[in-house]
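Only one structure is covered here, and it is reproduced in the block below.
The values are calculated or read from the model by the stated rules, or taken from the named source; none is laboratory data. This is a predicted model, so every value here is computed, not measured. Please note: Cβ atoms are built from the backbone with ideal geometry, for glycine as well, and neighbour counts cover all protein chains shown.
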Amino acid sequence: MTGASHSEAVRLMFAELCALLTAVFAASGVGPAQAAILADNCARCERDGALSHGVFRIPGYRASLQSGWVDGGAAAIVERVGPAFLRADARNGFAQPALAAARAELVQMVQECGAAILAIRHSHHFSALWPDLEPFAAEGLIALSTVAGLACVAPTAGARPVFGTNPIAFAAPVAGDLPLVMDLSTSACSNGDTRIAARTGRPLPAGAGVDRDGHPTTDPNAVLDGGALLPFGGYKGAALSLMVEILAAALTGGQFSHEVDFSRHPGAETPRTGQLLILIDPNRGAAAGAPAERIAGFLEILRAAGVDRLPGGRRYAQRRRSERDGIALDPAQWRALDEWARGAPAQAAQSSSRSPTT
């Protein structure tokens, strides 16, 4: 760890941040195996510059655990319900440990059948989706995932929030390069970015949200205080968000975003819904030529056409900087993490959410 004055950034290497976050989760009542998985996931987000889903989320994790809303020690039950279909009951635990519990059998099914589906229910997903998928693409698989959230997005022309931010993530192998990984919310702005905008005093893009009276606004506080985000692309984004509700909630047996209700658990933030993950062996579908090589060739066509940044490119660039210079944390963040890791009820770095979701 690099030392720092009161105002300078504290820099940690990835392994150091993982160890610190593992201690934070363990001190908050998360089981040892689950704590390591969540810490790795959160540290990856922070390392790669996805700050709205990194250390920023720790107060929300802790509040959900302390409120009794989520079971940090839950062990998922995984069952095979078809030749290429797995079902996982997270048992009111976090989604990433449920995915880890199913991973080996899921990959085996892809090897046997060429594709596999994992439907996770009764799960809390409070992070970005791309960390779930990138490892599969690094192994040569195509991966697609969706997750429902907490109702904070009004359908186009709708009067109240019904959808979550309902992200869709996709990953594919690229010959001779890092995987192509994209992760996008179906709302015009993610809830995490909205909360950060409110904290830092930045306006939202035009068309991103409405206030409690349904009037368009760029004020993130108005969106969080009884207002709503909007789907990107109008009716097209709303249609994709509806698709996510069907895939991640109706199909999995998880809750729809509008059904999530933690009003009896003050402070809770994590939405308890469902997640769908689809894996495909791309070599089963190619009649000629290796898919990873063809993808690499097509990306070169995009670059030649003037595309200067492909999906995931900014994350990879930040990852290289973090691996070289360490992961920069605000001193107040670091002090809070250090105190939480030792079991102290630190008050620093409080979550600014009034409308939490993924």
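Summary of computed values
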quantity: Evaluation of A287 against (1) modelled with pLDDT under 95; (2) within 22 Å of S52 (Cβ to Cβ) (one fails), failing number; calculated: (2)
quantity: Test set (1) modelled with pLDDT of 95 or more; (2) not charged (D, E, K, R); (3) not in a loop (DSSP other than H, G, I, E, B) - T252 fails condition number; calculated: (3)
quantity: Region 8-20 residues that are modelled with pLDDT under 95, paired with ones that are of a type in the set (D, E) and not in a helix (DSSP H, G or I) (beta carbon under 8 Å, 6 or more apart); calculated: A9/D330
quantity: Among the candidates A222, A188, residue that is within 22 Å of A148 (Cβ to Cβ) and of a type in the set (A, V, I, L, M); calculated: A188
quantity: Qualifying helices (runs of 4 or more DSSP H) (wholly inside region 14-95; at least 3 residues being touching a strand residue (DSSP E or B) at 6+ places or on another chain (Cβ under 9 Å) and not basic (K, R)); calculated: 14-27, 32-47
quantity: Top-ranked residue in region 58-84 [being in contact with a Gly (Cβ under 8 Å, 6 or more places away or on another chain) and hydroxyl-bearing (S, T, Y); ranked as surrounded by the fewest Cβ atoms within 10 Å (Cβ to Cβ)]; calculated: S67
quantity: Tabulated pairs, region 236-248, first over 13 Å from I120 (Cα atoms), second among the polar types (S, T, N, Q) and assigned to a helix (DSSP H, G or I), C-beta under 8 angstrom, 6+ apart or interchain; calculated: E245/S257
quantity: Residue in region 35-71 that is modelled with the lowest pLDDT, counting only those that are closer than 22 Å to S190 by Cα and of a type in the set (S, T, Y); calculated: S52
